[in-house]
Amino acid sequence: MIAIDVIPEMQLTPADDAAIAAVLTLAFPGEFVGRSYHKQRHHLRIVARAEGAVVGHVALLFRTIRLGPDLVPVVGVAEVA
């Protein structure tokens, strides 16, 4: 059975961080070097677990962009494995 956890970045445990890094390393061999591709930390992680082990991951980033004179909130998707 697959369980889906939604984890705010500041609530990631060191074990979760390491498990996510391991999945990303498998998904991007030779490219992922144990840290985010972005200079800033993500805001939210969606993690899939099978029997307690992390088997999938999506990172989300919340930003505000300027669209003409307006500021528009957006969500960016990062590091999918």
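Under the definition of Cα pairs under 8 Å and six or more residues apart, what whole-number percent is the relative contact order of the chain? RCO, the chain: 31 percent. In the chain, the ratio of gyration radius to Kirkwood radius, Rg to Rh, stands at 1.04 when only Cα atoms are counted. Take the solvent-accessible surface of the protein heavy atoms, probe 1.4 Å, and return the percent of it on the chain that carbon and sulfur atoms account for. Roughly 64 percent of what the probe reaches on the chain is carbon or sulfur.
Here the peptides 65-75, 41-51 are ranked by packing, the mean other Cβ count within 10 Å, and the order with the highest first is 41-51, 65-75.
With labels modelled as points extended 7 Å from the Cα through the Cβ direction, what inter-label distance (nm, one decimal) is found for Ala48 paired with Asp70? Output for this residue pair reads 3.4 nm.
The values are calculated or read from the model by the stated rules, or taken from the named source; none is laboratory data. Nothing here was measured: the structure is a model prediction, and the numbers come from that model. Note that we place each Cβ from the backbone using ideal geometry, even for glycine, and neighbour counts take in every protein chain shown. The protein model used for the area step is the full one, side chains on, heavy atoms only, and it has no ligands, DNA or RNA in it. Shrake-Rupley method; radii C 1.70, N 1.55, O 1.52, S 1.80 Å.
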